[in-house]
Each structure stands twice: as C-alpha cells, then as structure tokens.
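What follows is calculated from the coordinates using simple rules that are stated; it is not laboratory data. As the structure is a computational prediction, the values presented were derived from the model and not from experiment. All Cβ positions, even for glycine, are placed from backbone atoms using ideal geometry, and neighbour counts span all protein chains on display.
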Amino acid sequence: MSPSQLLIIFKARWRIMLAVFLAVVLTVLAGVLLLPKKYTASASVLVDVKSPDPIAGMVLPGMMTPGYMATQMDLIQSERVARGAVRALRLTESPQMREQWQEKTEGVGSFEAWIAGLLQAGLEVRPSRESSVISFSYEAVDPNFAAAIANAFVQSYINTTLELRIEPARQFGALFEAQAKLARERLEAAQTRLSAYQKEKGLIATDERLDVENARLNELSSQLVAVQTMSAEASSRKSKVSSSSQEVLNNPVVSTLKAEMSRQEARLKELNSRLGSAHPQVIEAQASINELRDRIAAEASRVNTSVAINSAVSQQREAQIREALEQQREKILKLKEQRDEASVLLRDVESAQRAYETINARLSQVAIEGQSNQTNVSVIKQAMPPSEPSSPRIMINMVLAVLAGGMLSVIVGLLLEIRDRRLRTDFDVTELLELPVLGSIPTRNKPEPRALPWRKKTVTDTESRTLPELTAPRS
C-alpha cells in the first residue's frame, strides 16, 4: 500500500483506531494511578582486593582470582546474608509477618528462611564495570523500610565476610591449641629424660670432666713413654752386667777396693821377692789380697743385684702405668659415650623446643586472626530513604502507552481493513477488480448532516459498497 492509501484507510477507520488508542492509554493511566508507589534505596560498598592482609602481611591468593567478584555477588545473594539481615531487623518478632507466613505456608518450613526469601526477591545487586564497587538496591512501598533493608543487607554482608574469615582461624586455633599441648608434653618429657640421665651419670651443662680426663690421659701417656725408656735402659744394663761392666767399674767402693788390692799386690810382690813365699808377711799380704778380691766380688754382685732390681722396678712401673693408661682410656671412652647419649637427648629437647615455639607462634597468629574485626569491605554509601518514588514512572509509562496505543490502533485498523476490504480509490478498482475506470464521482464539499445514533445509515454511493457487491454479475 502507498502512503496515500494508508491515510485513506486511517481516515475511514479513525473512530475504531481512536477507541483502541484511548483504551490503551486510559488502561495504562488507570494502572499507573492505581498501582502503589514504590521507593528504591541504594547503598554501595568497596571490596578491596589489592591491599595486603594486616595480619598475614600478604595479599591473599583468593582475592586475585578472576572469579572473586562473582563469588562476592553470590555471597551477597545467599540465604546466609539474607538471614543475617532478617536477624538484624528482628523481623521474626513481627506478628504480621508471622500471620502471613502461616497463611502462605500453613506453618511448614522455617519462618526465618521464608522472610529471607521475601527480602531476596526485592534485592538487586549490581557490580560496577572494571571496578571493585558493588551497589545494593532494594525496592519497597515504604522508603524508610527500603533504606533499612538495603543497609541491613550491607551490614549482613560485611558481617558474613568477617565470619567467613575468622571461622577457619578459630577452627585452626582449636587445632593448634591441641597440638601445642602435645608439643609441650613432648618437650617436658624430653627435658625430664635429659635431666634424669645427667643426674644418673653425673653430667652437667658445663661439665669439664672430659677435658680433665683427656689431660690425665696425656700425662699417663708421657709417663709411660718415660718409664718405657728407663725400663729398656735398665734391661740393657741387666743383660750386660758383670764384674767388668761399666756399672761395676764406676762404683766408688769397687774402685777403692781395686785400688787397695793393687797396692797390696805390689807390696806382696815386693815382699815375696825379698822374704820368700813362706814368710808370714807374705802370707798376710796374700790373705789381705784374697780378702779384697772377695770384697770386690761381693760389691760387684751387689751392684748387679741393684741393676736387676732397678730393671724389675722399671718393668713393674711400666706395667702399672700401662694399666692406668688403659683404665683412663676406657674411662674417657665411657665419658664420650655418655656425652653422646646426653647430646642425643639434648637434641631431642631442642627439637621439641623448636616445634613447640613454632606451634605457639602459629597459635598466636591464628588467635589474632580469630579476634580480628576488620574486613576488606568498606561502605562508601549508606542507603537513605528516597524522596521520589522509583515506580510507577508516570511520564515514561504514558509515553510508552501512547506509543503502544498508536501501534496497536494502526494494527487494528489494518486488520479490520484486511478482513473487510473496500474500494476507496481508483487504484483499488484497477488493482483488485482488474477493470478499467470509466469515471469517478467527486466527493461533495458540503458535509452531510450527522445521522442520529438510532437511525440506520443508507448506503447509496460507490465508496460504501463492498467488494462482493461490485463484482456481482449484472442482470
């Protein structure tokens, strides 16, 4: 259809189209006027994902993941946060809410969960694009109630975030406390074993016995070497001892006696040459020489005996020192063994001490985390009661109603025209009937008098004839 044809159709159907348009607009206007006014309160929070944790001193890995903000959105819309808002507003104490719950559910289910579901239905959460700001919006009939609900959801979200952070810390705190108790018991047991062993073996922390015993061992070793030298020398002298040995010759008594015997022998020789061998002086000299020889032999025997005794004493002394040296060596080895066992026990104590200190440090950190009241969520905008309603929007709704009514009226007019097609222009005759147009009667400029509603209009002109009437065969 051409625009001129559409205008002709709209001109012919303008009453119905106007009725449809007015019906749509009036219906929307009535709905807008009859619908209760609703108010929307908004609040905003900032989720800090880059600042380090004040206790751990590092950025938590979970905050840097791409899905962290999506997780926060799911947390805000969770039942736990909604229940927290219900408890904060004490809505479970409202008799009206309880009556509605009894009427809707007949007392089946949780009253608090039912209220939480109602609050979640009116909550809208929107994250800001490319930022860490989350907006809370709640729509209600009462502006004060809408602001209270929005602020309650914000506070419940902050509290839930804090609870989710400190709950694991408290659980770990109980675990570390039990482990610290076991570690302390192990440390006390290790210290008791070390103390008992030191008391049993006579060891102390600053024990210098090992150094003293080592010095004594070195001294005995030196003595043994000296005694061995003396014993070897005595044995050598003993094996070489005789009447002509150096020990005998160096003896002063033997030297004196030998010198005296030499004089007596010289005198005997002189007497023997002068007086003869039978002379009493010669016999007396001979007897004196024999006596001196016996005395020299006796003195040599005494010297040899003394050398043998010295050799025996040296060997005995060497044996004693050797035995003392072996005893000292065994004593030192035993002391070292005791010190090694004490060192093992001491290392057990030190290991238990380090484990206890590590667990205590972690326990202290977890205890601080469990008492923390700081989160990474900050309120940047509190919800205030709105002064203007957010719905219904009269101007927007009426503009939409006008547009919708106009489109619907056009559609209705076209549908009626398609269902009841009429010839209105020469173009309709040539296109629809495929007949030539011989002439046309112009429309009168003088308007016809309006017919009364109860009188039936008589169709006389060509414009009011329907397509079947014009296409009927002539008689």
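Computed values, structure above
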{"quantity": "Distance violations [Cα-Cα > 26 Å] among Lys199/Lys336; Lys104/Lys381; Lys199/Lys331; Lys37/Lys104", "calculated": "Lys104/Lys381"}
{"quantity": "Peptide ranges 171-177, 80-86 listed from the most packed, as the mean C-beta count within 10 angstrom indicates", "calculated": "80-86, 171-177"}
{"quantity": "Chain lengthening between Ala189 and Leu35 when straightened (0.36 nm per residue, less Cα-Cα)", "calculated": "47.5 nm"}
{"quantity": "Hz values of 3J(HN,Hα) by residue in the range 186-199 - Karplus curve (6.51, -1.76, 1.60), Gly and Pro given as x", "calculated": "5, 5, 5, 5, 5, 5, 5, 5, 5, 5, 5, 5, 5, 5"}
{"quantity": "Segment Arg15-Arg98, length gained on full extension (0.36 nm per residue, minus Cα span)", "calculated": "24.5 nm"}
{"quantity": "Ranked by how many other beta carbons lie within 10 Å on average, peptides 97-109, 12-24, 136-148 from highest", "calculated": "136-148, 12-24, 97-109"}
{"quantity": "Formal net charge of residues neighbouring Asn159 (Cβ-Cβ distance under 13 Å; K, R +1; D, E -1)", "calculated": "+2"}
{"quantity": "10 Å beta-carbon shell around Leu187, net charge (K/R +1, D/E -1)", "calculated": "-2"}
{"quantity": "Neighbourhood charge, 15 Å Cβ-Cβ cut-off, centred on Ala121 and excluding it, Lys, Arg +1 and Asp, Glu -1", "calculated": "0"}
{"quantity": "Sorted by Cβ density within 10 Å, fewest first, the residues Met261, Met395", "calculated": "Met395, Met261"}
